[in-house]
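Every number here is computed from the coordinates shown, using simple stated rules; none is lab data. Everything numeric here is computed off the predicted structure, so don't read it as measured data. Don't worry about glycine lacking a Cβ; one is built from the backbone with ideal geometry, like all the others, and counts go over all protein chains shown.
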Amino acid sequence: MAAEAALAGAALPEQVAALGRRSVLRIARRPGQFVFPLIFPLLLFAVNASGLGAAAKLPGFPAASYEDFAIAVPFMQGALFVAITAGTDLAADIETGFLNRLALTPLKGRALIGGQLGGALVSGFMQSVVYLLVGLIVGVELKSGPAGALVLLALSTLIAFAFATLGALIALRFGTGEAVQGFFPLLFVALFLSSAFLPRNLIQEDWFRAIATWNPVSYMVEAIRSLFVVGWDGEALALGFGCAGAVLVIGLAASAASLRTRLTRT
Amino acid sequence: MAAVDNSIEVQGLVREFKDVVAVAGIDLRVDAGEIYGFLGPNGAGKSTTVLMLTTLLPPTRGVARVGGYDVATQGPQVRASIGAALQEAALDPLLTGREHLELQATLQGISRTERRARSNELLERVGLADAADRRVGGYSGGMKRRLDLGLALVHRPRILFLDEPTTGLDVQSRTALWDEVARLAHDEGMTLFLTTQYLEEADALADRVGIIDRGRIVAEGTTAELKARIGRPSVEIVAADPAATDALAAALATFGEPTRDGRGRVGVQLPGGEGQLADVVRALDDAGVAVAQLQLHAPSLDDVFLAETGRKLEGADGDEDADGG
């Protein structure tokens, strides 16, 4: 009987693909939700590059120009916006009851998280491509070359996906879009308390430098930056991929635990 | 092969939320192919009961078996047997009707080759074939409800739960949905558990009705049985001269405790049945009260609710005439 055949449901990859497709469609059908978060980091990049250009003349500054140094920031800010969009979308599904609709199917919890974040993966990749192209157009040098571009896209997409799991976690934990929006400033504080705007060796305040040193966001920014200003820096890349991977693993594990609490189905 | 069980059986079902007892120990049985109307005001415990029976909320105590499976310990088997359209049509405004159905079909494990055909069949059936490729955000309330019903049917369930399926719909949409619900039960032998706060809906659709109030079932039976339990029709009269309303009420007081609606309409139950109508007319004649309107009402489900709880069913005032007509 068809109903009992549905007991097992679709295979995990098929469930992830179906929900991922929905997630991507939602982004494609709300271009404003993708375009404005895409543009804002570029505007900030333009403002910083024009206003803080003289910083590149400081002794010990790691890049030839402030643009080369600052281009890493839009990748991080874009990733933060991806996290917010992923979180608010999931919160909306909870608030509207769409999650209950999904819970009535043989949907696996892993498929739900993976699929729901499919859009984050796609938008994280697409905006990374845009930031890279804009950077190259305005004269930023990518010292790691074409292979470095591929690593850059992989890393920045991974970072966006990792942050998206945090957005999903907040959505699953609190169940409202307001909670996710409230989380947004915290992410930005984490970015500002990192080496995003000034290299750690030039941060004069001890407390700031200590926080930036402990802040994993610094290592993600520095890994992206290294591909532009150094070329191939194995340690920076290892730390960047490691920190992003750790955030991803923690975010996924915590989201899965919150999903189990949220989905009270028997 | 074991016989397929399409029934719902509930014993002592309780759901508590901290200090609030939403469902306070209900017992009910719905037989295969039956439409069971679960009637009650807002906050009575209808939706909480549905959430437990559809496995989305674990019961605090008690036992419920749906389709032969225990809702607390055999959730996946229950979900495979049931379809559910919950209180708010939870749809994605950015997806089309067809995309909703195909997503649901995929998650339900329907093969890739069958998905498109099943979606088309259901779109046709719920009358959304023309709107299939439009985004749901532009659908009317009735269209959303119909899509919701289609989604609940994707995997051909044996038992269907509909939680207030017609709330907020216009009369035409409501009637269309009723027709489809009746067809599902009578032509396809599906068991239906339907919650509603509309007396008219329970009256029109349900084979049996359970009336729930404050988490407890206060009356259960066929609508005819429930009304027969009340047994007394009522009469509502408006005096031709509004100044005679007091005299009208005094004349009716000889039959029972009169009720007034504030707009000159005075009602009273007739303990002796319809035969007392002639006595009422004579009493009004003796009192010199000229009558502008007189309506005799058969007992309604609202009368049943009033008799069992001492209150009228919230938001059901507008349905009273239709029910008793």
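Side notes on the structure shown:
- B:ASP130 paired with B:VAL171, simple spin-label distance in nm, labels 7 Å along Cα-to-beta-carbon: 2.2 nm
- Approximate spin-label separation A:ARG200-B:ARG29, in nm, with each point projected 7 Å along Cα-to-Cβ: 7.2 nm
- Amide hydrogen neighbours beyond the local backbone of B:LEU160, cut-off 5 Å, H modeled: B:GLY83, B:THR191, B:LEU192, B:PHE193
- Relative packing of peptides A:148-155, A:27-34, A:191-198, B:14-21 - highest average C-beta neighbours within 10 Å first: A:191-198, A:148-155, A:27-34, B:14-21
- Net charge of neighbours whose Cβ lies under 14 Å from the Cβ of B:LEU86, counting Lys and Arg as +1 and Asp and Glu as -1: 0
- Fraction in percent of alpha-carbon pairs per bin - 5 Å, chain A: 1, 6, 12, 17, 18, 15, 11, 8, 5, 3, 2, 1, 0, 0, 0, 0
- Between region A:145-160 and region A:33-52, the alpha-carbon centres lie 20 Å apart.
- Euclidean distance of C-alpha centroids, region B:3-52 and region B:75-137, integer Å: 26 Å
- Average other protein chain Cβ within 10 Å of Cβ, residues B:105-115: 6
- For the protein assembly as shown, the alpha-carbon radius of gyration amounts to 1.28 times the rule-of-thumb value 2.2 N^0.38 Å expected for a compact globular protein.
- Residue exposure sequence - B:MET190, A:MET220 - by fewest surrounding Cβ within 10 Å: B:MET190, A:MET220
- Debye intensity ratio in log₁₀ form over the Cα atoms of region B:8-226, taken at each q of 0.09, 0.13, 0.14, 0.16 Å⁻¹: -0.34, -0.73, -0.84, -1.09
- Note, ³J(HN,Hα) from phi for region B:98-114, Karplus 6.51, -1.76, 1.60, rounded to Hz, x at Gly and Pro: 5, 4, 4, 5, 6, 4, 4, 5, 5, 5, 7, x, 6, 5, 4, 6, 7
- The mean sequence separation of alpha-carbon pairs under 8 Å and at least six residues apart, normalised by the residue count of chain B, gives a relative contact order of 19 percent.
- Exercise: per-residue mean of other protein chain Cβ atoms within 10 Å, A:100-112: 6
- Between region B:269-287 and region A:202-236, the alpha-carbon centres lie 93 Å apart.
- In chain B, the DSSP beta bridges split such that about 65 percent are antiparallel, to the nearest 5.
- Arranged from fewest to most other beta-carbon atoms within 10 Å of their beta carbon, B:GLU274, B:GLU236, B:GLU121 become B:GLU274, B:GLU121, B:GLU236.
- Lys pairs under 21 Å by Cα in the protein assembly as shown, provided they are eight or more residues apart or on distinct chains: 4
- Calculated mean residue ellipticity at 222 nm for chain B: -10500 deg cm²/dmol, from DSSP H runs with n ≥ 4 weighted as -39500 (n - 2.57), summed, divided by the residue count and rounded to 500.
- Taking amide H positions as modeled 1.01 Å from N, with prolines and chain starts lacking one, the residues under 5 Å from B:ALA219 and 5 or more places away or on another chain are B:ILE211.
- Degrees between helix A:145-174 axis and first principal axis of chain A (Cα, 0 to 90, nearest 10): 50 degrees
- Shielding score for B:51-57, defined as the mean number of other chain Cβ atoms within 10 Å: 4
- Sorted by Cβ neighbour density within 10 Å, fewest at the top, the residues B:HIS155, B:HIS186: B:HIS186, B:HIS155
- Whole-Hz Karplus values for region B:244-254 come out as 8, 4, 5, 5, 4, 4, 5, 5, 6, 4, 5 Hz, taken residue by residue from phi with 6.51 cos²θ - 1.76 cosθ + 1.60 and θ = phi - 60°; glycine and proline positions read x.
- Distance (nanometres) between label positions extended 7 Å along Cα→Cβ at A:ALA154 and B:ASP286: 10.0 nm
- Charge tally in the Cβ shell below 10 Å around B:ALA132, where Lys, Arg are +1 and Asp, Glu are -1, B:ALA132 excluded: -2
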